[in-house]
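Engineer: Got a structure for you, questions after.
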Amino acid sequence: MTITKKAIILSFLSGFLSLGLEVIWIRLFSFYGVSLPQIFSLTLALFLLGIACGSLIGKNLCQSGKGNINYIGYSFIFQHYLIVWQLRY
């Protein structure tokens, strides 16, 4: 499999995972009794902050020459464990 196909697959999986988590977070936060627009804006703000931090880390990795597509896979595995740990509480 070429690096381009790997990047496309990882981009699709990243977007799919992010959208699913955003929906779950909105539903979980709505149980606290806050109105839906406030919950949506909080979730969107945190989501965009995560994208900004991730792109900054990715840029630094790529510019330093240490960037590798395997890091993306490792970050997905790390995210999986964080999500499972987070949803336990």
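The values are calculated or read from the model by the stated rules, or taken from the named source; none is laboratory data. Just so we're clear, the structure is a prediction, and the values are computed from it rather than from any experiment. We place every Cβ from the backbone using ideal geometry, glycine too, and count neighbours over all the protein chains shown. When the accessible area is computed, the model is the full protein with side chains, heavy atoms only, and any ligands, DNA or RNA have been set aside. Shrake-Rupley method; radii C 1.70, N 1.55, O 1.52, S 1.80 Å.
Engineer: Do we find that residue 13 is surrounded by 11 or more Cβ atoms within 10 Å (Cβ to Cβ) and in contact (Cβ under 8 Å) with a residue 60 or more places away in the chain in this structure?
Structural biologist: Taking the combined requirement at face value, the residue satisfies it.
Engineer: So which residues in region 31-89 are within 20 Å of residue 12 (Cα to Cα) and charged (D, E, K, R), if there are any at all?
Structural biologist: Passing the criteria: only 59.
Engineer: When the residues of region 60-89 are narrowed to those that are among the aliphatic types (A, V, I, L, M) and in contact with a helix residue (DSSP H, G or I) (Cβ under 9 Å, 6 or more places away or on another chain), which ends up surrounded by the most Cβ atoms within 10 Å (Cβ to Cβ)?
Structural biologist: Restricting attention to region 60-89, the residues satisfying the condition of being among the aliphatic types (A, V, I, L, M) are 61, 69, 72, 77, 82-84, 87.
Those still in the list that are in contact with a helix residue (DSSP H, G or I) (Cβ under 9 Å, 6 or more places away or on another chain) too: 61, 69, 72, 83, 87.
Numbers: 61: 14, 69: 10, 72: 17, 83: 14, 87: 10.
This residue is 72.
Engineer: Please find, among 8, 57, 3, the residue that is open to solvent by 60 Å² or more (accessible area, probe 1.4 Å) and touching a residue at least 60 places away in the same chain (Cβ under 8 Å).
Structural biologist: When all the criteria are applied, what remains is 3.
Engineer: Could I ask something else about it? Specify which of the listed residues (21, 42) is in a helix (DSSP H, G or I), in contact (Cβ under 8 Å) with a residue 60 or more places away in the chain and surrounded by 10 or more Cβ atoms within 10 Å (Cβ to Cβ). Walk me through how you get there before you give the answer.
Structural biologist: Values: 42 fails: in contact (Cβ under 8 Å) with a residue 60 or more places away in the chain.
Being in a helix (DSSP H, G or I), in contact (Cβ under 8 Å) with a residue 60 or more places away in the chain and surrounded by 10 or more Cβ atoms within 10 Å (Cβ to Cβ) holds for just one of 21, 42, which is 21.
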